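Okay, structure first, notes after.
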Amino acid sequence: MGCVTICDLPDSLLTQILLNLPTKDSVKTSVLSTRWRNLWLNVPGLDLATYHCPRKQVLASFMERFIELNHGSPLQIFKIWTEQYHYVYRDRLMELIGTVVNRGIQVLDVTMLHCNRDDFMRQNIYKSKTLVSLKLVNVELKNPEFVVVSLPCLKIIKLEKVCYGKDGALIVEKLILGCPVLEDLELIRPFDILNEKLELFLRVSCQTLKRCCLAFARGATDFTVEIDAPRLENLSLSESQSDRIVVKNLSSLLVIGFKFKYGSHLQTEDLRKRGIFCKLLTGISTVRRMSICEWTLEVLNWYSELGPIPKFHNLYHLQVMFYKSSFQLLTAFLESCPNLKKIVLDYGVTSKPEQQIDLTNVPCCLTSTLEYVEIRELIVIEEVETGIIKLVNYFLENSAILKKLTLSSRYSYITNQEGRLSYKKLTSTRLSPTCQVIIGNY
């Protein structure tokens, strides 16, 4: 059987290949041969980054002409990245987006690099029967003019800075409720409250949701979110107050990452807040993988002072953004992870006052279940070298069944002749005699 070259492929397959390229690169293929001259015009989508184009009206005319030439075939993808522009171009662009929605678009990805409250989606976006993926950044969503939102095919939603004022949470709720097959939801600072002191409540209720990422603005201090998603497997929470997250029916949750913010609003004597936080921990206690930061360790420590926090019996993989000053907080939390098998520590340098590391506390998982330790992002300088060596030796001396301990860095000096870390500085007393120690780069 002879070799098949790209020229042997039918036009229908070539246009699908070109669909995966930015439009500017797709256009460049027109110089290859006579056959390729107009092939890019049949590509069922546009992918444009326009912030390098000074003539926005010409660009708008190009997009309109492209849509017109493809009038007989449905568009699959419309992606555009653009910056602040004249209102005439803005209106033409929004009308164009409304047109591609009516034409049966499947993937809509619109990013405005600068926020303008006059940039808003047309109402037909709430009634698309073909939309599968919707990603909007700095483009305002208006409250639907009708009661029911209907997006029967929408599986992916990513929204960033799309709602303003008190109706923002209601708009997003309507959008979620109108997506019967939604699987992936990402809300990145979706609400710009414009310094208004509003109490916002968002209910994320979805029977089909599998992944959810929520990151709220630090200024939104009066914001509460309730999550009810029985099929949710992956949950990420960041820049959120721990006492304002309510979870229900997360029995399928496998992976969680959270980075709680903290401040004077957290008081250990506040029993109500601790009760809400413990319900959150209980709701996610079935997770198998977890990613947390130093902030989260501090929040966990604050609430644990009033009593024990729930244990994570299924947790086998833990990743922590870690500093030497938070070592005691880490070992205290490990007491709640009795079956942990692997821990990854992203060790960093902190500006906090140096504290003496207490190496006397040995969580039970070290002596019974921990098999793998990885310490990453090493910045090997004299100020932190001692702390790193102590940390490594702590795990070597107290982990009974440890199989491998890895120290890795992005920087080559960890392995060159000038590198400070070496096998000679590690302890010769290892509780697990078969443990392999690896020093290298990643």
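Filtering region 189-207 to residues that are open to solvent by 30 Å² or more (accessible area, probe 1.4 Å) and either at pLDDT 80 or above or over 16 Å from T224 (Cα atoms) (or both) leaves R189, L194, N195, F201, R203, S205, Q207.
When residues in region 300-315 are screened for being within 24 Å of E374 (Cβ to Cβ) and in contact (Cβ under 8 Å) with a residue 40 or more places away in the chain, 0 of them pass.
Listed conditions (1) more than 26 Å from N138 (Cβ to Cβ); (2) within 37 Å of the chain's Cα centre (by Cα); (3) modelled with pLDDT of 85 or more; (4) of a type outside the set (V, I, T) are all met by W36, apart from (2). Answer with yes or no whether P152 is open to solvent by 10 Å² or more (accessible area, probe 1.4 Å), closer than 27 Å to E95 by Cβ and modelled with pLDDT of 95 or more. Taking the combined requirement at face value, the residue satisfies it. For L421, indicate whether it is crowded, with 19+ Cβ neighbours inside 10 Å, at pLDDT 70 or above and of a type in the set (A, V, I, L, M, F, W, C). No, not satisfied. Each residue in region 155-171 was checked for being touching a Ser or Thr at 6+ places or on another chain (Cβ under 8 Å) and farther than 14 Å from L136 by Cα, and 1 pass. All of (1) modelled with pLDDT under 75; (2) of a type outside the set (D, E, K, R); (3) open to solvent by 50 Å² or more (accessible area, probe 1.4 Å) hold for N249 with one exception: (1).
Within region 66-78, is there a residue that is open to solvent by less than 40 Å² (accessible area, probe 1.4 Å), under 19 Å from T23 (Cα atoms) and modelled with pLDDT of 90 or more? Yes - at least one qualifying residue is present in region 66-78. Candidates are the residues of region 39-65 that are touching a helix residue (DSSP H, G or I) at 6+ places or on another chain (Cβ under 6 Å) and part of a loop (DSSP other than H, G, I, E, B); the one that is modelled with the lowest pLDDT is C53.
Candidates in region 369-387 are the residues that are in a helix (DSSP H, G or I) and open to solvent by less than 60 Å² (accessible area, probe 1.4 Å); of these, the one that is modelled with the highest pLDDT is G387. If the condition is being at pLDDT 80 or above, open to solvent by less than 40 Å² (accessible area, probe 1.4 Å) and in a helix (DSSP H, G or I), then region 266-295 contributes L280, L281, G283, E294. Counting only residues that are over 21 Å from I388 (Cβ atoms) and of a type in the set (A, V, I, L, M, F, W, C), region 317-339 holds 1 of them. Among residues of region 296-326 being part of a helix (DSSP H, G or I), hydrophobic (A, V, I, L, M, F, W, C) and at pLDDT 80 or above, the one that is surrounded by the fewest Cβ atoms within 10 Å (Cβ to Cβ) is L300. Close Cβ contacts (under 6 Å, 6 or more residues apart or on different chains) running from residues in region 157-182 that are surrounded by fewer than 16 Cβ atoms within 10 Å (Cβ to Cβ) to residues that are basic (K, R) comprise V181/K155. Among the residues of region 335-360, those identified as at pLDDT 60 or above, closer than 21 Å to Q319 by Cβ and either open to solvent by 50 Å² or more (accessible area, probe 1.4 Å) or not in a loop (DSSP other than H, G, I, E, B) (or both) are E335, N339, K341, K342, I343, V344, L345, D346, Y347, G348.
The values are calculated or read from the model by the stated rules, or taken from the named source; none is laboratory data. Note that the structure is predicted; figures quoted are calculated from it, not measured. All Cβ positions, glycine included, derive from the backbone under ideal geometry; neighbour counts span all protein chains shown. When the accessible area is computed, the model is the full protein with side chains, heavy atoms only, and any ligands, DNA or RNA have been set aside. Shrake-Rupley method; radii C 1.70, N 1.55, O 1.52, S 1.80 Å.
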